[in-house]
1. Rounded, prolate or oblate: which one fits the range 198-265, using the alpha carbon gyration tensor with axes a ≥ b ≥ c (rounded when a/c is under 1.5, else prolate when a/b beats b/c, else oblate)?
2. Under the 0.36 nm per residue contour assumption, what length would be gained going from the current alpha-carbon distance of GLU216 and VAL349 to full extension?
3. Apply the Karplus curve 6.51 cos²θ - 1.76 cosθ + 1.60, θ = phi - 60°, to the phi angles in the range 63-73 and return the couplings in whole Hz, x for Gly and Pro.
4. Note the full-extension length gain between GLU268 and GLU58 as 0.36 nm times their separation in residues minus their Cα-Cα distance, in nm to one decimal.
5. Kindly state, to the nearest 0.05, the FRET efficiency for ILE356 paired with ASP198, given R0 = 51 Å and r defined as their beta-carbon distance.
6. Spin-label point model (7 Å from Cα, Cβ direction): what's the LYS276 to VAL328 distance in nm?
7. List the residues, sorted by chain then number, that are 5 or more residues from MET156 or on another chain and whose placed amide H is less than 5 Å from its amide H.
8. Counting other beta carbons within 10 Å of each Cβ, put MET191, MET230, MET217 in order, fewest first.
Amino acid sequence: MEQVTKKVWKFVAIGAAVVVAVIVALLVWCVGKAAYYEYHREVLCFDPDCVNAKFLSENVYYHSLDDGKGYVFNSLTREKTIKDIKWIARPNEGDSLVCFKQGEKRGYFNMNTGRVAIEPRYAHAWIFSEGLACVDDGGRLKFIDGMGKVTIDTKMAYVPEHDSYVFHQGYFITSTNDGEKMGLMNKNGSMVLPMEFDRIEWAHDFEYLCLRKGDEMGVLDKELKTVLPMMACDLEVTWETIDVTMADHTICKYDLQGNLINDFYIAELHTLEYEKDEVYYHHKKNEEYGEEYDEVMEGPFHPTGTARLRAYIAGNGHEGLITADGHVVTKPLYKEIEAIGYDLYLCSVTYYDKVIVNGKGELIR
């Protein structure tokens with residue numbers, strides 16, 4: 001019996017030792033994996049699929065870290081060329097200097113070597129595009145070249161609300177110091193569009209400029225030739241057409257050369273129903289003590305009819321009247337239309353003001 005007990009305890013001891021060995025092995029594996037991951041993350045992140053790595057060229061990548069300790073690594077020389085980086089911004093195609101933030105200042109480094117090209121000394125800086133980059137130098141915006149030399153002193157103040165200080169197609173969208181008006185400057189520093197527009201935006205991959213001044217909008221091409229003249233409307237440049245909503249809420253389309261395709265589009269069409277003058281009740285036949293009687297179940301109610309004209313929806317959700325065979329009776333002047341007779345319509349000019357219109361589109365006074 002004593003021998004059996006010893007053998008049992010021997011097996012228990014061996015089992016316990018195996019369990020402890022497995023636990024120790026797992027701990028060593030976990031610690032080793034964590035250490036390798038940290039080393040890989042900090043130094044050897046050559047995997048293009050790594051979530052922290054952003055390859056800038058064949059041999060240079062930027063490794064982002066949440067604590068603002070990101071760095072640039074050159075795999076050819078196997079060194080961290082720049083440390084303590086908070087973020088980077090790649091240049092547009094054709095430029096090689098990357099904007100980066102270190103501490104509270106911005107500078108630029110070469111994406112092919114990872115070396116600093118322009119020391120971080122600017123309060124704000126933007127990407128290089130077409131060989132130039134905009135920097136905030138003492139509260140004033142200036143454009144510098146790849147050597148850090150000022151080529152254009154705009155003498156404009158930095159306006160946080162206007163954050164597109166980049167050249168496209170040889171032009172730069174400027175703004176007044178209060179950010180209220182915009183203009184266009186070329187690479188010589190000359191104003192080619194005066195700062196009198198409420199909004200200037202590039203569209204269609206920087207092929208067109210959309211201009212707004214008050215209630216008017218227009219379109220220029222990248223050569224600053226007029227595609228659509230300024231007119232009272234809202235417009236959008238799409239990949240195939242220029243969609244225009246006029247002041248009277250009609251919708252028209254132009255091609256990208258400014259030729260009119262169609263001057264009348266609608267978004268939706270629906271019938272209008274009205275209440276007739278007759279009054280009806282719902283009845284139900286009941287029988288009690290052998291006698292039938294009518295019980296009013298619901299009412300009174302008016303039967304409905306379909307009005308002669310339809311309502312169509314155009315720009316900004318405004319509605320107009322149209323016949324069943326497609327002849328327009330009114331422009332889309334109304335926020336809402338409801339029929340109050342077979343050929344009589346209550347039309348909302350505003351949310352509070354309404355007018356009555358007959359089947360010819362005439363106001364009933």
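Every number here is computed from the coordinates shown, using simple stated rules; none is lab data. Everything numeric in this text was worked out from a predicted model, so none of it was measured. Note: ideal-geometry Cβ built from the backbone for every residue, glycine included; neighbour counts use all protein chains shown.
1. On the way: a/c = 1.88, a/b = 1.20, b/c = 1.57.
Oblate, since a/c reaches 1.5 and b/c is not below a/b.
2. On the way: separation 133, 0.36 × 133 = 47.88 nm, distance 2.21 nm.
45.7 nm is the gain from fully extending GLU216 to VAL349.
3. Calculated HN-Hα couplings, in order: 10, 8, 10, 5, 8, x, 9, x, 8, 9, 10 Hz.
4. Values: separation 210, 0.36 × 210 = 75.60 nm, distance 5.36 nm.
The GLU268-GLU58 span can extend by a further 70.2 nm.
5. On the way: r = 38 Å, r/R0 = 0.74.
It comes to 0.85.
6. Here the answer is 3.4 nm between the modelled labels.
7. LEU141
8. Working: MET191 11, MET230 16, MET217 23.
So the residues, fewest neighbours to most, are MET191, MET230, MET217.
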